[in-house]
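The structure under discussion appears below in the form of structure tokens.
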Amino acid sequence: MQAIGADGQEMTVQEVLDWLQRTHGWTVTMLLRGHTVLYDREEDEETRTRQRAQRLSENLEDAGEPRRRELELYYVCEGEDAEAEDARPPLLCSLP
């Protein structure tokens, strides 16, 4: 997917969650890039709000990872356990 928001900037985590819901009907409970958690519904409201507002590459840069043009994201949907993450194909996101 082209991870470019309506404002022409890199999508936020919330925009990706909305896209997965709109496009596939999935309610995502956890969004990851490798071992880096971008969103976890089990976190407290303040943490979830901060996670949803971040641009996709923000926490990766905070973790010291180099900026990439493509991200491979993994996700767990409502009703699945964390091991199901391996059963779904990754979501490939192209960044602006």
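For residue 72, the requirement of being open to solvent by 90 Å² or more (accessible area, probe 1.4 Å) and either at pLDDT 80 or above or closer than 20 Å to residue 2 by Cα (or both) is not met. Can you tell me which residues in the stretch 1-50 are in a loop (DSSP other than H, G, I, E, B) and either in contact with a Ser or Thr (Cβ under 8 Å, 6 or more places away or on another chain) or of a type in the set (S, T, N, Q) (or both)? Scanning the stretch 1-50 gives 1, 3, 5, 9, 27, 41, 42. Can you tell me which residue in the stretch 20-64 is nearest to residue 79 (Cα to Cα), limited to those that are open to solvent by 60 Å² or more (accessible area, probe 1.4 Å) and touching a residue at least 12 places away in the same chain (Cβ under 8 Å)? Looking at residues that are open to solvent by 60 Å² or more (accessible area, probe 1.4 Å) and touching a residue at least 12 places away in the same chain (Cβ under 8 Å), I get 26. Looking only at residues in the stretch 25-69 that are of a type in the set (Lys, Arg) and touching a strand residue (DSSP E or B) at 6+ places or on another chain (Cβ under 6 Å), the one that is modelled with the lowest pLDDT is 33.
The values are calculated or read from the model by the stated rules, or taken from the named source; none is laboratory data. A quick note: this is a predicted structure, and the numbers were derived from the prediction, not measured. All Cβ positions, even for glycine, are placed from backbone atoms using ideal geometry, and neighbour counts span all protein chains on display. Note: accessible area is taken over every heavy atom of the protein model, side chains too, but ligands, DNA and RNA are not part of it. Shrake-Rupley method; radii C 1.70, N 1.55, O 1.52, S 1.80 Å.
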